[in-house]
Amino acid sequence: MAAQELQDIARAIVAEGKGILAADESDGTIKKRFDSIGVDSSEETRRGYRDLLFTTEGVEEYISGVILFDETIRQKSADGTPFPQLLESKGIIPGIKVDKGAKPLALAEGETVTEGLDGLRDRLAEYRELGARFTKWRAVITIGKSIPSEYCIWTNAHALARYAALSQEAGLVPIVEPEVLMDGDHTIERSFEVTSRTLHAVFTELRDQRVQPEGILLKPNMILSGYESQEQVSDAEVAEETLRCFRRHVPAAVPGIVFLSGGQSDEQATARLSAMNALGPHPWQLSFSYGRALQAPALKAWGGKEENVEAAQQAYYHRAKMNSAARTGMYAPEMEREAVTA
Ligand code: 13P
């Protein structure tokens, strides 16, 4: 695979005003989401829900890529079109989650390592055949009393780099996701320190394993105080600290940083992305790859009922539009009201 082709895909994903919908919830995670709205999780309800999202008219103006799950990349829209081809016909690039989840790390209480490297080369070839052009692998780093350990950080960084190298070899742009969880009562300083250690390890491993920085995207957490912390900070501080950390660690050659939402409210995730872009220009595009922050209002509006499909699509379209505004730093909370009634 020519390096240029990987770069072109990565750049298209972070095209101006656009970002990623993460719709790659594993069976366990989507069941949790469906439980919250009282909907049974079956292959057909999952297909129907994803179909609703993917067929939302006009959303391609704001969404450049969608991350699918193994089951979803093999499913079809109501009219029989396979999901990857449906997305492609709208100019949206299909991607695929390829990790097999975070599992307990041996001899390291409370820490995990992400699995899924065995057989990955063959799986990547099949996903490319099915239409995927990019991939995602999520490592999970937990902040606690005496964790994360260097052992956990470096083991996950090593696996992320192995995955990224295999993806590039297969002609797929790897989204490298080292998620430092925002849960806990830690301060923003601690979030900065742990994210800094993590990014240092990740970019060291990526370089050692010959991954081209021009052909990846980084999907990180934002730097903020833990959700249970007494000291909550302003969006401006989140923006400044996040940028200060990434400037130290992320090569300018990386085309884009696409944030995860990680349990922030949908409007917070939008406002903080906007605050960061307002401080630009930056060496990389700053965009979104949100799951919950793009889907939560749509999921609620849908509630599993056919008659609510349109309302759910409107809710998703609205969040996509708000996050598109955040790409230029021009988002303002007043826009929430205007657009919903439009
Ligand atoms: P959230 O935005 O809900 O954190 O999900 C993004 C994602 O893909 C996590 O891997």
So how strong a dipole does segment 59-188 carry about its Cα centre when Lys and Arg Cβ are +1 and Asp and Glu Cβ are -1, to the nearest 20 debye? 240
For the chain, give me the percentage of DSSP beta bridges that are antiparallel, rounded to the nearest 5 percent. 10
Selection from GLY17, LEU217, PHE192, by position along the positive dipole direction of the chain (Cβ): LEU217
Put a dot 7 Å past each Cα toward the Cβ at SER146 and GLU61; how far apart are the dots in nm? 5.6
Taking the Cα centre of segment 269-324 as origin, work out the dipole magnitude from +1 charges on Lys and Arg Cβ and -1 charges on Asp and Glu Cβ, in debye rounded to 20. 220
Heavy atoms only, probe 1.4 Å: what % of the accessible area of the chain goes to carbon and sulfur, would you let me know? 49
Gained length - LEU117 relative to ASP27, 0.36 nm times residue gap less alpha-carbon distance: 30.4 nm
Name the lysines eligible as straight-distance cross-link partners of LYS31: C-alpha to C-alpha under 22 Å, and not fewer than 8 places from it in the same chain. LYS76, LYS97, LYS100, LYS103, LYS136, LYS300, LYS305
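What order, most packed first, do the peptides 24-35, 173-184 have when packing is the mean number of other Cβ atoms within 10 Å of each residue?
Averaged packing, sorted descending, gives the order 173-184, 24-35.
Given segment 236-305, what whole percent of its Cα pairs are spread farther than 16 Å? Working shown, then result.
Numbers: 1247 of 2415 pairs.
Tail of P(r) above 16 Å: 52 percent of Cα pairs.
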Find the relative contact order for the chain and round it to a whole percent, using C-alpha pairs within less than 8 Å whose residues are 6+ positions apart. 18
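Sum -39500 (n - 2.57) across every DSSP H segment of at least 4 residues in the chain, then divide by the residue count to get the 222 nm mean residue ellipticity, nearest 500.
-14500 deg cm²/dmol, from helical runs alone.
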Between GLU336 and ALA236, what FRET efficiency comes out of the Förster formula 1/(1 + (r/R0)^6) with R0 = 25 Å and r the beta carbon distance, rounded to 0.05? 0.85
Just how large is the dipole of the chain about the Cα centre, in debye to the nearest 20, putting +1 at every Lys and Arg Cβ and -1 at every Asp and Glu Cβ? 520
For segment 20-108, Kirkwood radius (reciprocal of mean inverse C-alpha pair distance, Å): 14.0
Phi to ³J(HN,Hα) by Karplus 6.51 cos²θ - 1.76 cosθ + 1.60 over segment 322-331, Hz, x for Gly, Pro: 5, 6, 5, 5, 5, 4, 9, x, 9, 6
How far is the Cα center of segment 39-111 from the Cα center of segment 129-208, in Å? 21
Cβ crowding within 10 Å averaged over residues, with 280-292, 2-14 ranked highest first: 280-292, 2-14
Evaluate 2.2 N^0.38 Å with N set to the residue count of segment 58-144, then give the Cα radius of gyration divided by it. 1.32
Once the dipole of segment 61-126 is set up from charges on Cβ (+1 Lys and Arg, -1 Asp and Glu), the residue from the list GLY110, GLY91, PHE69 lying farthest towards its positive end is GLY91
Quick one: grab Rg to one decimal and Dmax as a whole number for the chain, Cα atoms only, in Å. 18.8, 55
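The values are calculated or read from the model by the stated rules, or taken from the named source; none is laboratory data. All of these numbers come straight from a predicted model, not from anything done at the bench. For neighbour counting, all protein chains shown are included, and Cβ atoms are generated from backbone atoms with ideal geometry for every residue, glycine included. SASA here: full protein model, heavy atoms, side chains in, ligands and nucleic acids out. Shrake-Rupley method; radii C 1.70, N 1.55, O 1.52, S 1.80 Å.
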